[in-house]
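The values are calculated or read from the model by the stated rules, or taken from the named source; none is laboratory data. Predicted, not measured: the structure shown is a model, and the values here were computed from it. When we count neighbours, we look across all protein chains shown, and the Cβ atoms used for this are built from the backbone with ideal geometry, even at glycine. Accessible surface is based on the protein model in full, side chains and every heavy atom, while ligands, DNA and RNA are left aside. Shrake-Rupley method; radii C 1.70, N 1.55, O 1.52, S 1.80 Å.
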Amino acid sequence: MGHVSTTETGCRPEAAETVDTDAGPARISWFPATGTKKTGSARLVLALGHGAGGGIEARDLQALAAALPAHGVTVALVEQPWRVAGKRLAPAPKTLDTGWRGLWPALAAAGAPVVAGGRSAGARVACRTAAELGAHAVLALSFPLHPPGKPEKSREDELLGTGVPTLVVQGGHDPFGRPAEFPPGEYQIAEVPYGDHGFAVPKKAGPGQDEAMDILTAAVTGWLAALV
């Protein structure tokens, strides 16, 4: 575990922590549950990894970091080593899993059950490693069920193999898998109408962008509240 820097609270994290892993240094930005410290009395820690094409600035990750602390959930936004190093291309899934495993002890040290999560590639990492790491549950945002236009190359085994309570939040127009394409299984799925892979909604759609994020955060908040 490395350097911890403190910033102002609010929309920004309270602390950013660098963690050494076998894939290189990773970074955790902490958004503590309201009225707690990072290692305080949060009901849950929700750890969220980013996708292969962006970082923790993604609209869904930021919306959850802003909304959930008021509900007793500490949010930890995780930047994989490749992103911390300033690289533009994500490494192979095996390397992503290595980075996630390496920072897990820092997440667990917060003292509350850890829900593993992420968007897109980050969701796949959370699904693949949940059982071995002892995750309390999995939150999969924009799970890439298959490459666009290639439904035969399904990644459903990753989703169906988590072994823990799992929620998928999927855009209604996600080219990596629309909600109706998902297989039956022991998980829940919530739809953001008209949303694409980044949960962007067209201007002509009924719900606007703010409403889309409200749908997403409400679905996640309700699901987390029901976890035992």
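Points worth noting:
- The range 102-210 - share of DSSP beta bridges that are antiparallel (%, nearest 5): 0
- Put simply, the amide H of ARG27, placed in the peptide plane, has neighbours under 5 Å in VAL19, GLU79, leaving out anything fewer than 5 places away on its chain.
- Note on the range 112-228: Cα-Cα pairs beyond 24 Å make up 22% of the total pair count.
- The range 89-167 shape via C-alpha gyration tensor axes, a/c threshold 1.5: prolate
- Of ALA15, ALA65, ALA123, the residue with the greatest mean-square motion in the GNM of the chain, using alpha carbon springs below 10 Å, is ALA15.
- Under 14 Å, Cβ to Cβ, from LEU61 - net charge with Lys/Arg +1 and Asp/Glu -1: +2
- For the range 22-32, 3J(HN,Hα) per residue [Karplus equation, 6.51 cos²θ - 1.76 cosθ + 1.60, θ = phi - 60°, Hz, x = Gly/Pro]: 5, 9, x, x, 10, 9, 10, 9, 9, 10, x
- Placing +1 on the Cβ of every Lys and Arg and -1 on the Cβ of every Asp and Glu, with no other charges, gives the chain a dipole of roughly 360 debye about its Cα centre.
- Each principal axis of the Cα atoms in the range 167-228 has its own extent, and those three values, largest first, are 39, 24, 15 angstrom.
- Share of carbon and sulfur in the accessible heavy-atom surface of the range 156-228 [1.4 Å probe, %]: 55
- Gaussian network model of the chain, Cα within-10 Å springs - most flexible of ALA121, ALA33, ALA205: ALA205
- Structure-derived Kirkwood radius over Cα pairs in Å - corresponding label in (i) 18.8; (ii) 20.2; (iii) 17.3: (iii)
- Rolling a 1.4 Å probe across the protein heavy atoms gives the range 99-228 an accessible surface of 42 Å² per residue.
- Distances between placed amide hydrogens fall under 5 Å for VAL75 paired with PHE31, ALA33, LEU46, all partners being 5 or more residues away or on another chain.
- Mean separation of Cα contacts under 8 Å (6+ apart) over length of the range 56-116, as relative contact order %: 21
- For GLY49, the residues 5 or more places off, or on other chains, whose built amide H falls under 5 Å of its own are VAL78, GLY117, GLY118, ARG119.
- Placing a pseudo-label 7 Å from each Cα along the Cα-to-Cβ vector at ALA92 and LYS203 gives an inter-label distance of 4.5 nm.
- For the chain, modelled as a GNM whose springs connect Cα atoms under 10 angstrom apart, the maximal fluctuation among GLN80, GLN170, GLN62 occurs at GLN62.
- The range 138-144 - phi-based ³J(HN,Hα) in whole Hz, Karplus 6.51/-1.76/1.60, Gly and Pro as x: 10, 10, 10, 9, 6, 4, x
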